[in-house]
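K.L.:
Dropping the structure in here first, questions after.
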Amino acid sequence: MSARAAPLALAPLLAILVLAVLALAPAGGARAATVRVRIAGYAFVPARVHIHPGDTVVWTNRDPATHTVTALAGGFDSGALGPGRSYRRVFPAAGSFAYRCALHPEMRGVVIVGAPP
Ligand SMILES: [Cu+2]
């Protein structure tokens, strides 16, 4: 009966697939997230993001003007981000990281890295 044999023939293939997925999973079981911040209307949107250690923040400039993502305490600086350009940074450690646009200092944001999930 080929209708009954077919599922059995697929079993080894499924086993290999499951093992492959398990091998690719991060050791801790938690998956690092990517959070996006838009730069639009001369503001960071959202201005405040909460993430976990190891997560990535990606800023994308949707304004017609050039902006930067510059940490107030140093530590990171995107440099000039022209329209449509993105800047990404991984935050490995917990803490509060305030930043602003170096060209328009009234543009401010903060990345809050909490405890591991
Ligand atoms: Cu700016």
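Each reported figure results from applying straightforward, stated rules to the coordinates on display, with no laboratory input. What you see is a predicted model; the values in this text were computed from it and never measured. Using ideal geometry, Cβ is built from the backbone for each residue, glycine included, and neighbour counts are taken over all protein chains shown.
K.L.:
May I ask you to list pairs of residues, at least six apart or on different chains, whose Cβ atoms are under 9 Å apart, with the first in the range 41-70 being within 14 Å of residue 99 (Cα to Cα) and touching a residue at least 12 places away in the same chain (Cβ under 8 Å) and the second being in a loop (DSSP other than H, G, I, E, B) and hydroxyl-bearing (Ser, Thr, Tyr)?
P.N.:
Close Cβ pairs (under 9 Å, with a partner that is in a loop (DSSP other than H, G, I, E, B) and hydroxyl-bearing (Ser, Thr, Tyr)) amount to 59/78; 67/42; 67/78; 68/78; 69/78; 70/78.
K.L.:
On to the next question. Is there any pair linking a residue in the range 76-99 that is without any contact (Cβ under 8 Å) to a residue 24 or more places away in the chain and on the phi < 0 side of the Ramachandran plot to one that is surrounded by fewer than 19 Cβ atoms within 10 Å (Cβ to Cβ) and of a type in the set (Phe, Trp, Tyr), with Cβ under 6 Å and at least six apart or on different chains, and which?
P.N.:
Close Cβ pairs satisfying both conditions: none exist.
K.L.:
Further question: Give me the residue from the range 66-112 that is away from the ligand (no atom under 15 Å from the Cβ) and not in a strand (DSSP E or B) and, out of that set, nearest to the chain's Cα centre (by Cα).
P.N.:
92
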